[in-house]
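Structure first, commentary second.
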Amino acid sequence: MPFRNDLFLGRFGLNPRFEDTDLLLDEPVARMIGRRVCRRYGREEVSDGLLETLLAAAQSAPAKSDLQQYSIVVTDKDQQRALSDMIGSMPWIADASRFLVFCADMHRGQRIAELRGKEHVNNTLDTFMNAAVDAALAMMAFITAADFKGLGSCPISAVRAHTAEVCSLLGLPKGVFPVSGLTLGYPTDDGRFTLRLPPSVVVHHGTYDDANLEEDLRAYDARRNRLQPIPPERQMHKDDFGISDDYGWTENTARRLAKRERADFGDFIRAHGFDLE
Ligand SMILES: Cc1cc2nc3c(=O)[nH]c(=O)nc-3n(C[C@H](O)[C@H](O)[C@H](O)COP(=O)(O)O)c2cc1C
């Protein structure tokens, strides 16, 4: 674990604003600030007992109105390989000891309403969001617990590039969809920090204020390019946008957002039981 101020520096490329900020970095918080995804796994398997512990941590996350509108699928090795083949470009899915899928789940509430002789009248956009947030919080609690136990993980939203096939492979009924997959295993290296946006961009005091966005982004791009330059051949969507000599996180993000992603997801979700009203 790096020295405490190094940790803040590693995360943001900036020093903390306050002198006593480092004092707040007790060990668990330091581990959280040092977190990074893991895409390289050793052969050691995560035991069933450890997995059960981490799942208990996941289920300890807060859930909206105590409704607990999510489900977690622990895949078997055949399903894990099938998902890895389906996605294609991410070998860490097959390499991981375990692969889980965190799902938003409205179906269970619908069954509960029926079991208790009530009408479920909340097939709404709000429920869709609540269920997705519940699933994401459970996944984050799982990730944090895994990190505390010396394990590495990586969320995999690429499962949503194949939502219909994933629902079929995992037997997800209408009203349940995969929010994210998660690889889990013992890391073979320390990975590396991905520099975050400065807190001045993300954290707003009192009211939303993005007056300095352009300037802050320029400085952020310069910091990232100094530490983690993106080589020209890795610039995104070169065929459409060419090679830029002013390339950084901002251009990368703009290019990504200029291309429609998962355009059929909304139609699938509506056909899969969500009214989104
Ligand atoms: C919801 C979500 C989905 C993600 N999907 C993928 C994915 O499909 N494949 C992958 O390799 N990484 C995926 N990631 C990992 C991000 O790329 C990673 O968190 C980001 O680059 C920052 O790196 P860091 O977490 O190591 O700081 C995902 C992360 C989140 C939160």
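Binning the alpha carbon pair distances of segment 15-54 at 5 angstrom intervals from zero yields the distribution 5, 15, 14, 19, 17, 9, 8, 8, 3, expressed in whole percent. For Ser180, the residues 5 or more places off, or on other chains, whose built amide H falls under 5 Å of its own are Phe102. Per residue, the average separation of C-alpha pairs within less than 8 Å and at least 6 apart gives the chain a relative contact order of 24 percent. Computed over the chain with a Gaussian network model linking Cα atoms closer than 10 Å, the most mobile of Glu215, Glu27, Glu45 is Glu215. Projecting label points 7 angstrom from Cα along Cα→Cβ for Asp66 and Tyr208 puts them 3.3 nm apart.
FRET efficiency for the Ser244 to Asp6 pair, using the beta carbon distance and R₀ = 30 Å, is estimated at 0.40.
Could you line up Val29, Val166, Val73 from fewest to most neighbouring Cβ atoms inside 10 Å? Spell out each step's value before the answer.
Details: Val29 12, Val166 24, Val73 19.
Ascending Cβ contact count within 10 Å gives the list Val29, Val73, Val166.
Compactness of segment 23-140 is given as radius of gyration and Dmax, 17.5, 54 Å, from Cα positions. Each Lys or Arg adds one and each Asp or Glu takes one away; over the other residues whose Cβ falls under 12 Å from the Cβ of Leu276, this sums to -3. Between Thr124 and Val74, the FRET efficiency estimated from the beta carbon spacing at R0 = 25 angstrom works out to 0.30. Shown for Arg98, Arg224: other C-beta atoms within 10 Å of each C-beta, ranked fewest to most, produce the order Arg224, Arg98.
By the compact-protein rule of thumb, 2.2 N^0.38 Å, the alpha-carbon radius of gyration of the chain corresponds to a ratio of 1.11.
Listing Tyr220, Tyr208 from the residue with the fewest other Cβ atoms within 10 Å to the one with the most, what is the order?
Numbers: Tyr220 23, Tyr208 6.
Exposure proxy ranking, most exposed first: Tyr208, Tyr220.
For the pair Arg111 and Glu45, what calculated FRET efficiency results from E = 1/(1 + (r/R0)^6), where r is the Cβ-Cβ distance and R0 = 30 Å, to the nearest 0.05? Write out the running numbers ahead of the final one.
Values: r = 34 Å, r/R0 = 1.13.
My answer for the efficiency is 0.35.
For the chain, the membrane-span-like helix rule (DSSP H, alpha carbon extent of at least 24 Å along the helix axis, mean Kyte-Doolittle at least -0.5) picks out 125-148; this says nothing about an actual membrane.
Relative contact order of segment 48-191, please, whole-number percent, based on alpha carbon pairs below 8 angstrom and at least 6 residues apart. Walk me through the intermediate numbers first.
Values: 219 pairs, mean separation 48.4, N = 144.
RCO, segment 48-191: 34 percent.
Model label sites at Glu165 and Ala222, defined 7 Å from Cα along the beta-carbon direction, differ in position by 4.5 nm. Using alpha carbons only, the radius of gyration of segment 117-168 set against its Kirkwood radius gives Rg/Rh = 1.12. Would you work out if segment 220-277 is rounded, prolate or oblate? Take a ≥ b ≥ c from the square roots of the eigenvalues of the alpha-carbon gyration tensor; rounded if a/c is under 1.5, else prolate when a/b is larger than b/c, oblate otherwise. Verdict is prolate for segment 220-277. The base-10 log of I(q)/I(0) for segment 181-259, evaluated at q = 0.20 Å⁻¹, reads -1.00 [Debye formula, identical scatterers on Cα atoms, solvent excluded].
The numbers here are math on the coordinates, done by the rules we state, and not lab data. Values in this document were obtained by computation on a predicted structure and should not be read as measured data. Glycine also receives a Cβ, built like all others from the backbone with ideal geometry; neighbour counts cover every protein chain displayed.
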